[in-house]
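Got a structure for you, written out below as structure tokens; questions coming shortly.
The values are calculated or read from the model by the stated rules, or taken from the named source; none is laboratory data. What you see is a predicted model; the values in this text were computed from it and never measured. Note: ideal-geometry Cβ built from the backbone for every residue, glycine included; neighbour counts use all protein chains shown. The accessibility values were calculated without ligands, DNA or RNA, using every heavy atom of the protein model including side chains. Shrake-Rupley method; radii C 1.70, N 1.55, O 1.52, S 1.80 Å.
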Amino acid sequence: MSVAERAAWLRSEIARHDRLYYVEAHPVIEDAEYDSLWSELEALEREHPELITPDSPTQRVSGEPLEGFAKVRHDPPMRSLDKTYDRGELNQFDSFLHQQLPGETWDYVVEPKVDGVSISLLYRKGHFVRAATRGNGEIGDDVTANVRTIRSIPLSIPCEAELVEIRGEIYMTREGFAALNRLEDEAGREPFANPRNAAAGSLKLLDPREVARRPLDAVLYASGSLQGVSFDTHTEMMRTFKQWGFKTPPWLRLCLDMSQVMEALDELELQRHAFEFEMDGAVIKVNQRRLYAKLGSTAHAPRSARAYKYAPERAQTKLLGITVQVGRTGVLTPVAELVPVSLAGSVIARATLHNADMIHEKDIRVNDTVIISKHGDVIPAVDGVVHELRPAGTVPFQMPSVCPVCGGETMRLEGEVATRCINPECPAQRVGHLELFVSRNALDIAAIGGKMAEALVQSGLVIQPLDLFHLDCQKLATFRLIAEDGSERRFGKKAQDVQRALVRARTLPLHRWLFALGIPGIGETAARILAAPFKTFSELKTTHLFHEVTLFYDAVGRRAEDIPNKEQFAGEIVYRATALAHRGLVLRDDPARPIRDRFLLTIKPEMARTMIRFLASIYATHVFERLEALGINPVSEAPQESGTALTGKTFVLTGTLSRPRESIEAFIRAQGGVIQNSVSKKTAYLVVGENPGGTKYAKAQALSIPQLTEAQLLSMISENNHPTELNPEKVTESVTTPTATKTESKQYIQDDFLGDFV
Ligand code: IVH
């Protein structure tokens, strides 16, 4: 046998064993034997790289991380399915088909509906060439490199046809999902909500090596474009797919009429927890493929198939009590303690009640008889109460006003349904705090994963995250850490990684530190916004900006969300205030004053209030002291610009403007702009009012000088709202002070100053 023949034989042997293992779950050789086939092939390919073929098993995980995904057009489009929860509607579907197909006979196939991500696989002359996601049905992403890593998808099939497009679903097994989430948790990352999200997220990863580690699998149940091969029936096609080495739906019933379809649906419902994927219903398909074209499809779905969704499984039981758990982020979650009841294949004794609002909405009380349900693989939930069965003397639930773990203050942040313990030193939050502190977008101390964080806290080594900076590297390496589950861990060599990461952390920018502090309600985005105005941490600590934000919103008497276009709003206020000031009028509660800090409108009032509260807290004082002692004063990443969009630019005004010409000129000058009386090559913009003057206008056109309306002029300032040019102190000095009281002046601002605008 030649080397090439040997390589080809090894490839086909490995493919055969992959299929036996991954598709048929029926391995026939020992792992060691399989491994030796692999090593031999790898060695051969190393010596003779010219022998490597794209469908060699060694090529499943190859290539560099991608920059992004190329787009793929689906022909025919990848449609969805019309779905129903109602069996009556299925009978209507059958009647409709009879009406559409007079004189025809057909049967139906019932299959589980796999809850995953649709995929299209393309084979040319038997070789796998491309995989694409559904996307919007017309255009999807080319995810070939990622899909190649899925071992149950054959890289070549025994079919010489020019083109075979096979469609189906990529899913993550329930087991694989649970294992992945354990890893995510250990790494301190947010776990996936369900297997479907995990599968979708995995397919979108840009590094195929990363994808290869995700427990993905695929079931194929439909065709796309076929050239050189055809099938009479769906069942025949499924048989062929299987022969080619694909996984097909593990459960399939051929039904001669609707009564058999209904029986199949009943039977399948009993199996719903038996599959390794999550089933989110059943699919009923016409078996005779030649009828598909006759029936056609709507923009959304083929007329030859329907999805049927089962009602969520429910059970009735008694609510014994409501306990309140404090999560790692301080969120108080009410939990129903139930008389144990069996549901969806497991015994349920506890269910989440989500939050206080939900309990009140559904009026759930201790001692009630409640209905619980389980949607997919998620935590069971209490859906509602059987009011007729409510005993006398029940009382509405009240969320505890103090944290059940630390006795600290709890509160509901604006815009949140969750009640939180806001004590940053609450023991329930220690692990969570540390996890956040070391997480990638905070201080990125990767060597401390979820389990390590837990063990550090449990062992008492770290109470506050900043304690990390006091840990001795040598001690850390040898210290035996006991986790919550009693397991023992050591850092060993990883202690050095921790130390290195801590050194680097000292130099990370301000927003990362601000996020790392774990201030309730201040996520990563908020931290960036809040850090931007400041050069250093010290500057942030002593700022008045947060007070100014709240004062501003008080002054204009509006909530942030009531101001849809903040830029225009700001521009208008500055414009008017500037115009007023020019006429010698003054505003005591001048809302324009703080706007001249360009950051003011980026900060939401609730963020500002959170920061004010935090900065005033004992905890913050303590943290600042420690940071100072550690010599840590993070610096902002954001460049501090100066000037405004008008600075140094030359303007010419023409036509009738909404305000006296001189006030607008003053406004422009105040923003650093220069006023010219006639248009020249140097003119940056012509500000055009009504009935613009002929010469200026014509000349500007001839020189292609951009024109601005007043609104556009305003938006230039407001979109790039720099503080420096219009010194608020100077404005106040140059105008006379009215005698109005503070409240009156507020009225004045609201009624007259902003009157026609708001
Ligand atoms: S046949 C015309 N069969 O459900 C599309 N689809 O909600 C071909 N799905 O987009 C559909 N299991 O991604 C078919 N056994 C099955 C299925 C199935 C899951 C997905 C498919 C479709 C979605 C519609």
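Residues are listed down the side, and each one gets a yes or a no for (1) part of a loop (DSSP other than H, G, I, E, B); (2) loosely packed, with under 11 Cβ neighbours inside 10 Å; (3) touching a Lys or Arg at 6+ places or on another chain (Cβ under 7 Å):
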site: 4; (1), (2), (3): no, no, no
site: 9; (1), (2), (3): no, no, no
site: 13; (1), (2), (3): no, no, no
site: 20; (1), (2), (3): no, no, no
site: 26; (1), (2), (3): yes, yes, no
site: 40; (1), (2), (3): no, no, no
site: 62; (1), (2), (3): yes, no, no
site: 67; (1), (2), (3): yes, yes, no
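Related question: Would you check which residues across the range 424-439 are open to solvent by 40 Å² or more (accessible area, probe 1.4 Å) and in contact (Cβ under 8 Å) with a residue 60 or more places away in the chain and list them?
425, 436
For the range 313-358, name all the residues that are within 26 Å of the chain's Cα centre (by Cα) and not in a strand (DSSP E or B).
327, 328, 329, 330, 353, 354, 355, 356, 357, 358, listed by residue number.
On to the next question. Please enumerate the residues belonging to the range 249-284 that are free of Cβ contacts under 8 Å to residues at least 40 places away in the same chain and either assigned to a strand (DSSP E or B) or of a type outside the set (D, E, K, R) (or both).
Matches in the range 249-284: 259, 270, 274.
Does residue 75 satisfy the criteria of being modelled with pLDDT under 95, within 24 Å of residue 302 (Cα to Cα), in contact with a helix residue (DSSP H, G or I) (Cβ under 7 Å, 6 or more places away or on another chain) and within 16 Å of the ligand (Cβ to nearest atom)?
For residue 75, the condition - modelled with pLDDT under 95, within 24 Å of residue 302 (Cα to Cα), in contact with a helix residue (DSSP H, G or I) (Cβ under 7 Å, 6 or more places away or on another chain) and within 16 Å of the ligand (Cβ to nearest atom) - is not met.
When you check residue 64 against the structure, is it without any contact (Cβ under 8 Å) to a residue 60 or more places away in the chain, out of contact with any strand residue (DSSP E or B) (no Cβ under 9 Å at 6 or more places or on another chain) and closer than 29 Å to residue 136 by Cα, yes or no?
Yes: the conditions hold for residue 64.
What are the residues in the range 154-163 that are of a type outside the set (Gly, Ala, Ser), within 19 Å of residue 225 (Cβ to Cβ) and either surrounded by fewer than 20 Cβ atoms within 10 Å (Cβ to Cβ) or within 16 Å of the ligand (Cβ to nearest atom) (or both), if any?
159, 160, 162, 163 - these are the residues of the range 154-163 that are of a type outside the set (Gly, Ala, Ser), within 19 Å of residue 225 (Cβ to Cβ) and either surrounded by fewer than 20 Cβ atoms within 10 Å (Cβ to Cβ) or within 16 Å of the ligand (Cβ to nearest atom) (or both).
Let me ask something else. Tell me whether the range 89-104 contains one or more residues that are touching a Leu at 6+ places or on another chain (Cβ under 7 Å) and either open to solvent by 50 Å² or more (accessible area, probe 1.4 Å) or at positive phi (or both).
yes
Right, here's the next one. Being over 29 Å from the mean Cα position of the chain (by Cα), surrounded by 15 or more Cβ atoms within 10 Å (Cβ to Cβ) and closer than 23 Å to residue 626 by Cβ is true for just one of 458, 464, 474. Which residue is that?
458
Follow-up question, since we're still on this one. Answer yes or no: is there a residue in the range 202-211 that is within 27 Å of residue 148 (Cβ to Cβ), at pLDDT 90 or above and within 16 Å of the ligand (Cβ to nearest atom).
Yes, the range 202-211 contains a residue that is within 27 Å of residue 148 (Cβ to Cβ), at pLDDT 90 or above and within 16 Å of the ligand (Cβ to nearest atom).
Moving on. Condition (residue is part of a helix (DSSP H, G or I) and polar (S, T, N, Q)) applied to the range 505-518: is it met by at least one residue?
Within the range 505-518 (the criterion being part of a helix (DSSP H, G or I) and polar (S, T, N, Q)), the answer is no, since none of the residues qualifies.
Could you tell me how many of the residues in the range 235-256 are aliphatic (A, V, I, L, M), surrounded by fewer than 21 Cβ atoms within 10 Å (Cβ to Cβ) and either more than 11 Å from the ligand (Cβ to nearest atom) or over 29 Å from residue 266 (Cβ atoms) (or both)?
Selection size over the range 235-256: 2.
Let me ask you something else. Residue 232 passes all but one of (1) surrounded by fewer than 18 Cβ atoms within 10 Å (Cβ to Cβ); (2) touching a residue at least 40 places away in the same chain (Cβ under 8 Å); (3) closer than 22 Å to residue 18 by Cα; (4) over 37 Å from the mean Cα position of the chain (by Cα); which number fails?
(3)
So for the range 326-337 (the condition being modelled with pLDDT of 95 or more and open to solvent by 20 Å² or more (accessible area, probe 1.4 Å)), does at least one residue qualify?
yes
Let me ask something additional. Looking only at the range 271-292, count how many residues are within 12 Å of the ligand (Cβ to nearest atom), open to solvent by less than 30 Å² (accessible area, probe 1.4 Å) and not aliphatic (A, V, I, L, M).
Counting residues in the range 271-292 that are within 12 Å of the ligand (Cβ to nearest atom), open to solvent by less than 30 Å² (accessible area, probe 1.4 Å) and not aliphatic (A, V, I, L, M) gives 5.
From the list 353, 343, 268, which residue is touching a Pro at 6+ places or on another chain (Cβ under 7 Å), under 30 Å from residue 523 (Cα atoms) and surrounded by 13 or more Cβ atoms within 10 Å (Cβ to Cβ)?
The match here is 353.
Can you find even one residue in the range 357-377 that is in contact (Cβ under 8 Å) with a residue 60 or more places away in the chain and among the hydrophobic types (A, V, I, L, M, F, W, C)?
no
If you go through the range 180-201, how many residues are open to solvent by less than 40 Å² (accessible area, probe 1.4 Å) and either among the small types (Gly, Ala, Ser) or within 16 Å of the ligand (Cβ to nearest atom) (or both)?
Residues that pass the stated criteria total 6.
Can you find a residue that is at pLDDT 85 or above, touching a helix residue (DSSP H, G or I) at 6+ places or on another chain (Cβ under 7 Å), open to solvent by 30 Å² or more (accessible area, probe 1.4 Å) and in a helix (DSSP H, G or I) anywhere in the range 543-561?
Checked the range 543-561: at least one residue is at pLDDT 85 or above, touching a helix residue (DSSP H, G or I) at 6+ places or on another chain (Cβ under 7 Å), open to solvent by 30 Å² or more (accessible area, probe 1.4 Å) and in a helix (DSSP H, G or I).
Conditions tested, residue by residue: (1) in contact with a Cys (Cβ under 6 Å, 6 or more places away or on another chain); (2) under 30 Å from residue 599 (Cα atoms); (3) buried (at least 17 other Cβ atoms within 10 Å of the Cβ); (4) modelled with pLDDT of 85 or more.
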residue	(1), (2), (3), (4)
453	no, no, yes, yes
468	no, no, yes, yes
486	no, no, no, no
495	yes, no, yes, yes
503	no, no, no, yes
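Just one of (1) within 16 Å of the ligand (Cβ to nearest atom); (2) surrounded by 16 or more Cβ atoms within 10 Å (Cβ to Cβ) trips up residue 225, so point out which.
Every condition holds for residue 225 apart from (2).
For the subset of the range 293-308 comprising residues that are open to solvent by 40 Å² or more (accessible area, probe 1.4 Å) and assigned to a loop (DSSP other than H, G, I, E, B), which member is modelled with the lowest pLDDT?
Applying the filter and picking the extreme gives 299.
For residue 444, state whether it is of a type in the set (D, E, K, R), open to solvent by 20 Å² or more (accessible area, probe 1.4 Å) and free of Cβ contacts under 8 Å to residues at least 12 places away in the same chain.
Taking the combined requirement at face value, the residue does not satisfy it.
Which one is farthest from residue 173 (Cα to Cα) among residues in the range 110-144 that are in a loop (DSSP other than H, G, I, E, B) and more than 9 Å from the ligand (Cβ to nearest atom)?
Taking the candidates together, the pick is 125.
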